[in-house]
Each structure stands twice: as structure tokens, then as C-alpha cells.
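Before any comments, here is the structure.
The values are calculated or read from the model by the stated rules, or taken from the named source; none is laboratory data. Since we're looking at a predicted model, the values are computed, not measured. Here Cβ is always computed from backbone atoms with ideal geometry, including for glycine, and neighbour counts include all displayed protein chains. Keep in mind that these areas ignore ligands, DNA and RNA; they rest on the heavy atoms of the full protein, side chains included. Shrake-Rupley method; radii C 1.70, N 1.55, O 1.52, S 1.80 Å.
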Amino acid sequence: MKLNALMDNFGARKKIKRVGRGMASGTGKTAGRGHKGDKARSGSKNNATFEGGQTPFFRRLPKVGFSNLFAKKYATINLGDIQKFIDAKRIDAKKEISIDSLLSDKILNRKFDGLKILAKGEIKVPVNIIAVKWSAAALEAVTKAGGTIKDGK
């Protein structure tokens, strides 16, 4: 084999379409854009919401609601769920329960701004929880079981 005989496989390198390079090229004059119309113009607005001059559907609907960009999203968990995870040995009751430990134990599947504890269900074992928010009933139930809830701000 000689180095000067090496070549690419057929079709490995495709030549680019050179538009607007004279009539003989096959894509001269209108440069493959056809005649007139918005798509023939430079900077054409060929977007999915354009409806041919008719008022677009999303503008015909009324404005509804408000989304606060700075709102904090909390992961809420009930005491009954914590007890269920302890019974299933997915949470170690001797370690502190925090948002990071729930993420590492694969109980939560994404990062939240904080952990909120609610009192639905009952807790039977003493647990130490680090949370940002909690209900008064949840605090009472955890302390009654012999555990604590600490502020994790």
C-alpha cells in the first residue's frame, strides 16, 4: 500500500451546497429559496407559533395566574412515611435525618430548598431530624417518641 493511494470511502466526505454562486451552479438567482414569501427573506420567522397573520392561539387565551421565580420548594415528608422507611430499613434511625441523607438514601429524587416535616401518621422510634420547617403536631409527636427536630437553615 502506498500513502499516495489512500482515499476515503465513497460518500465519506460530502461536498457542501454552495448557493448563490451563479446560474450554472444550479442554485443561483434565488439560491434555493424559491420565489418571494417570508421564507425567501433573510431572518425569516419560521416558528411553530406563527399562524399566517391570524392572532395566535396563545394570545387568544386569557392570562392566568402568577409564578413566583423566587419561591422556595420544600420536600414534605410525613412522620408515618419516615416510620415506614425505618421499618423497611431504608433509613437508619440512629443517624440524623436531613435532606441530604434522604437524597443519599434515594428517598428523594432531586434537590429541594429544604425539608418540611408533617405529622400525618405516627413515629414509634426516637429520631433526630434536621429540617427547615415543621408543624407543631410533628414536633410534639417526635419529642413524645424521644427524638428531636433541629433547625437546618
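Conditions tested, residue by residue: (1) more than 20 Å from residue 151 (Cα to Cα); (2) basic (Lys, Arg).
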| position | (1), (2) |
| --- | --- |
| 52 | yes, no |
| 84 | yes, yes |
| 94 | no, yes |
| 102 | no, no |
Exercise. Using beta carbons and a limit of 7 Å, which pairs, at least six apart or on different chains, have the first residue in region 32-53 and farther than 18 Å from residue 19 by Cα and the second one part of a loop (DSSP other than H, G, I, E, B)?
Worked result: 38/44; 38/45; 49/56
Exercise. Can you tell which of 9, 4 is in a loop (DSSP other than H, G, I, E, B) and out of contact with any strand residue (DSSP E or B) (no Cβ under 9 Å at 6 or more places or on another chain)?
Worked result: 9
For this session: Working carefully through the options 31, 24, find the one that is small (Gly, Ala, Ser), open to solvent by 70 Å² or more (accessible area, probe 1.4 Å) and more than 34 Å from the chain's Cα centre (by Cα).
Result: 24
